[in-house]
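Worksheet for the structure shown next.
The values are calculated or read from the model by the stated rules, or taken from the named source; none is laboratory data. Everything numeric in this text was worked out from a predicted model, so none of it was measured. For neighbour counting, all protein chains shown are included, and Cβ atoms are generated from backbone atoms with ideal geometry for every residue, glycine included. Heads up: the accessible areas ignore ligands, DNA and RNA and are worked out on the full protein's heavy atoms, side chains in. Shrake-Rupley method; radii C 1.70, N 1.55, O 1.52, S 1.80 Å.
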Amino acid sequence: MDFIALDFETANKTRGSACAIGLVTVEKGEITDSFYSLIKPKNNWFDPFHTTIHGITKEDVMDSPEFDEVWEQVAPSFQKNIIIAHNASFDMSVLRHAFADYNIDSPTLDYSCSLIAARSVWPELGSHRLNILANQLQIPFQHHDALEDAKVAAHVMLNCFQHTNTMDFDQLHSQLNMTLGRIHSNGYTPARGKKVKVK
């Protein structure tokens, strides 16, 4: 199974205010590459509440590239891979709003959600937050660091493949009753999964 895991941190409640991005490339079930960059938001305004979560400040990103520059670097990876993220609706929304803010034509991108998959694979867990899953799967990491979160999301999805004995997203989604999400120039279709009742 091949995919890239994505995670954004944002400077404030505005979805387009990405201030950090983490990407992890998975090829044939193995992590083969990673990318991390701070991002200078367009207005460079940081809500103190958001800074308490991820620790990034206005001063930290003062000399960092803006989203359009970062996108030029990472776009080729996006165009040939399914994207996964934990709570993908958030990260894909950040991506869509950043495209809009910088007048970037959105490519057609398919994505899946490791949170939706994890809820189906481990319904007995009271929470499926990344830190809970990392503890469950014995994956050490630093929460709310974009690259660390992307790595854990990748491991969660790989564990979902292993747990369900599936080899690609068609098989995984069929077994878990999930569907791919898609963003494109005219909007988006959310990733979906069945409602899971905790036993």
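Restricting attention to segment 42-63, the residues that are open to solvent by 20 Å² or more (accessible area, probe 1.4 Å) and over 19 Å from E148 (Cα atoms) add up to 11. E9 meets each of the listed conditions (1) open to solvent by 50 Å² or more (accessible area, probe 1.4 Å); (2) not in a helix (DSSP H, G or I) apart from (1).
Do we have A100 as part of a helix (DSSP H, G or I) and either polar (S, T, N, Q) or buried (at least 21 other Cβ atoms within 10 Å of the Cβ) (or both) here? Let's see the steps before the verdict.
Working: part of a helix (DSSP H, G or I): yes; either polar (S, T, N, Q) or buried (at least 21 other Cβ atoms within 10 Å of the Cβ) (or both): no.
Taking the combined requirement at face value, the residue does not satisfy it.
Cβ-Cβ contacts under 7 Å between residues 6 or more apart (or on different chains), taken from a first residue in segment 57-80 that is free of Cβ contacts under 8 Å to residues at least 12 places away in the same chain to a second residue that is surrounded by 15 or more Cβ atoms within 10 Å (Cβ to Cβ) and of a type outside the set (A, V, I, L, M, F, W, C), are listed as T57/T51.
Could you please find all residues in segment 57-84 being among the aliphatic types (A, V, I, L, M) and either more than 20 Å from Y102 (Cβ to Cβ) or part of a helix (DSSP H, G or I) (or both)? Explain how you work it out, then say what you get.
Here is the first cut: in segment 57-84, the ones among the aliphatic types (A, V, I, L, M) are 61-62, 70, 74-75, 82-84.
Passing the criteria: V70, V74, A75, I82, I84.
Out of the residues in segment 143-194 meeting the condition of being small (G, A, S) and open to solvent by 70 Å² or more (accessible area, probe 1.4 Å), tell me which one is modelled with the lowest pLDDT. Give the derivation first.
Initial filter on segment 143-194 (small (G, A, S)): 146, 150, 153-154, 174, 181, 185, 187, 191, 193.
Now drop any that are not open to solvent by 70 Å² or more (accessible area, probe 1.4 Å), which leaves 174, 185.
Numbers: S174: 95, S185: 89.
The qualifying residue modelled with the lowest pLDDT is S185.
Take the residues in segment 64-97 that are touching a Lys or Arg at 6+ places or on another chain (Cβ under 6 Å) and not charged (D, E, K, R), then tell me which one is surrounded by the most Cβ atoms within 10 Å (Cβ to Cβ). So that I can check it myself, show each step before the final result.
Residues of segment 64-97 touching a Lys or Arg at 6+ places or on another chain (Cβ under 6 Å): 64, 66, 93-94, 97.
Remaining after also requiring not charged (D, E, K, R): 64, 93-94, 97.
Working: S64: 17, S93: 18, V94: 22, H97: 17.
Filtering first and then ranking leaves V94.
Identify, please: which residue in segment 19-41 is in contact (Cβ under 8 Å) with a residue 60 or more places away in the chain and either part of a loop (DSSP other than H, G, I, E, B) or polar (S, T, N, Q) (or both) and is, among those, surrounded by the fewest Cβ atoms within 10 Å (Cβ to Cβ)? In this case the residue turns out to be G29.
Total residues in segment 110-133 satisfying the condition of being touching a strand residue (DSSP E or B) at 6+ places or on another chain (Cβ under 6 Å) and open to solvent by 40 Å² or more (accessible area, probe 1.4 Å): the figure is 1. Cβ-Cβ contacts under 7 Å between residues 6 or more apart (or on different chains), taken from a first residue in segment 163-188 that is under 19 Å from N81 (Cα atoms) to a second residue that is basic (K, R) and at pLDDT 95 or above, are listed as I183/R96; Y188/R96; Y188/R182.
Being touching a Leu at 6+ places or on another chain (Cβ under 7 Å) and open to solvent by 50 Å² or more (accessible area, probe 1.4 Å): is that true of Q136 here? So Q136 fits the description; yes.
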